[in-house]
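Please read the structure below before turning to the comments.
The values are calculated or read from the model by the stated rules, or taken from the named source; none is laboratory data. Keep in mind it's a predicted model, so treat the numbers as computed, not measured. Note: ideal-geometry Cβ built from the backbone for every residue, glycine included; neighbour counts use all protein chains shown.
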Amino acid sequence: MSGGGGTPNDTTRNPNVPEALMPRTEHRQTLQSLHLPSTAATIRAAVRPHQEALAAELAADRYARPLTAEETAEEEKMIARIEAGEGAPEVFVRCFSDRGTGWTKTAIITAGIRIDDYLFEAAKPVHFGPVYARATEKPHETIKRYIWRVNQAKSMLVVASDVPVIWYDDPRP
């Protein structure tokens, strides 16, 4: 090899290589380095700061419709209920495949508290993918094979045992 050094699969030296073409170890480090709350206590504690950050982001967006006083009061009641211990923490993994061929699978991973059939996010969602697989395979099966292991030391998605992981196949991309 001339000019770059490294092995033929070493793409970390070239900033022009898209992230989707990086070696799998890079995806593993990227997913683990994102600070997704993974225990029930950290998920519950992160809901209010994240919701306040979302509200500030919404207020700064001049194109978004501002929340009404009733909506703000309702959200405050729900967050107070969460802080009082209501609701169930969960990690929600929404998986989908591309519309055209179905060969690429993508996931959006969200940690939060589910209360009254609504998931209050505790952190920004993590996007994983696209990864390539057979078109006949369901999206959650592909994503699960890539990021989930029973041995947590080898898993990309590390979640406490008391927090359920919900795998959902979204029919629309």
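Couple of notes before you dig in:
- Qualifying residue in the range 152-170 (condition: assigned to a loop (DSSP other than H, G, I, E, B), touching a residue at least 40 places away in the same chain (Cβ under 8 Å) and of a type in the set (D, E, K, R)): yes
Residues are listed down the side, and each one gets a yes or a no for (1) over 28 Å from Pro171 (Cβ atoms); (2) modelled with pLDDT of 90 or more; (3) over 21 Å from the mean Cα position of the chain (by Cα):
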position: Glu57; (1), (2), (3): yes, no, no
position: Asp61; (1), (2), (3): yes, no, yes
position: Pro66; (1), (2), (3): yes, no, yes
position: Glu70; (1), (2), (3): yes, yes, yes
position: Glu75; (1), (2), (3): yes, no, yes
position: Ala84; (1), (2), (3): yes, yes, yes
position: Phe92; (1), (2), (3): no, yes, no
position: Asp98; (1), (2), (3): no, no, no
position: Thr101; (1), (2), (3): no, no, yes
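- Within the range 41-67, the residues that satisfy the criterion of being surrounded by fewer than 16 Cβ atoms within 10 Å (Cβ to Cβ), part of a helix (DSSP H, G or I) and charged (D, E, K, R) are Glu52, Glu57.
- Checked against the criterion of being assigned to a strand (DSSP E or B), within 22 Å of Pro49 (Cα to Cα) and of a type in the set (S, T, N, Q), the candidates Thr110, Thr106 yield just one match: Thr110.
- For the range 142-167, the tally of residues that are exposed (fewer than 15 other Cβ atoms within 10 Å of the Cβ) and over 18 Å from Ile43 (Cβ atoms) stands at 6.
- When residues of the range 117-131 are limited to those that are free of Cβ contacts under 8 Å to residues at least 60 places away in the same chain and not in a strand (DSSP E or B), the one surrounded by the most Cβ atoms within 10 Å (Cβ to Cβ): Pro125
- Between Arg99, Arg81, Arg114, the distinction of being without any contact (Cβ under 8 Å) to a residue 60 or more places away in the chain and either of a type in the set (Ser, Thr, Tyr) or surrounded by fewer than 16 Cβ atoms within 10 Å (Cβ to Cβ) (or both) belongs to Arg81 only.
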